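Heads up, the thing below is written out as structure tokens.
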Amino acid sequence: MTSHDTVTARALRKTQTKVENILWSELRAGRLCGYKFRRQHAIKPYIVDFVCLKHKLIIELDGNHHQETTQRQYDVKRTEFLSSNGYRVIRFKNKEVYAHRQHVLQKILLELQGIAE
């Protein structure tokens, strides 16, 4: 990670959104069945919201702006790049995390265990 990536990732960690903070409180320090996650982690040229490096699983949280056409196109390109580098990417809308946190955690756990639908 270059110093620019490090500075950007640190800044994002310090200014994380409320929903990122909620999910991070569930994922940090191996709280989800011992799986280790990093937040705002650089996978050049992108910085992902959360990643379990050991299992190459990326979790992205999407606010309302992700419904805009240009953002959706960017997200598709980004996911294709990450997938081509061996990562699985799962996305959740912010409102999913707020309203159905346990369901979101269950989906993440199923992905990690390789038994997702």
Being more than 23 Å from Lys18 (Cα to Cα) and touching a helix residue (DSSP H, G or I) at 6+ places or on another chain (Cβ under 7 Å): is that true of His41 here? no
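Just one of Val51, Val89 is open to solvent by less than 30 Å² (accessible area, probe 1.4 Å), within 19 Å of Glu111 (Cβ to Cβ), in a strand (DSSP E or B) and at pLDDT 95 or above; which is it?
Exactly one residue qualifies, and that residue is Val51.
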Taking segment 16-41 and keeping only residues that are over 11 Å from the mean Cα position of the chain (by Cα) and either within 14 Å of Arg78 (Cα to Cα) or in contact (Cβ under 8 Å) with a residue 40 or more places away in the chain (or both), one is left with Thr17, Val19, Ile22, Glu26, Leu32, Cys33, Tyr35
Considering only segment 54-64, state which residues are open to solvent by less than 30 Å² (accessible area, probe 1.4 Å) and at pLDDT 95 or above. Leu57, Ile58, Ile59, Glu60, Leu61
Options Lys77, Lys36, Lys14; residue that is in contact with a Gly (Cβ under 8 Å, 6 or more places away or on another chain), open to solvent by 80 Å² or more (accessible area, probe 1.4 Å) and either over 23 Å from Lys107 (Cα atoms) or at pLDDT 95 or above (or both): Lys36
Take Gln71 and tell me if it is buried (at least 18 other Cβ atoms within 10 Å of the Cβ), touching a helix residue (DSSP H, G or I) at 6+ places or on another chain (Cβ under 8 Å) and outside any loop (DSSP other than H, G, I, E, B). no
Could you check, for segment 101-112, whether at least one of its residues is aliphatic (A, V, I, L, M) and open to solvent by 90 Å² or more (accessible area, probe 1.4 Å)? no
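The values are calculated or read from the model by the stated rules, or taken from the named source; none is laboratory data. Source: prediction; values computed, not measured. Cβ atoms come from the backbone with ideal geometry, glycine included; neighbour counts cover every protein chain shown. Accessible surface areas use protein heavy atoms only, side chains included; no ligands, DNA or RNA. Shrake-Rupley method; radii C 1.70, N 1.55, O 1.52, S 1.80 Å.
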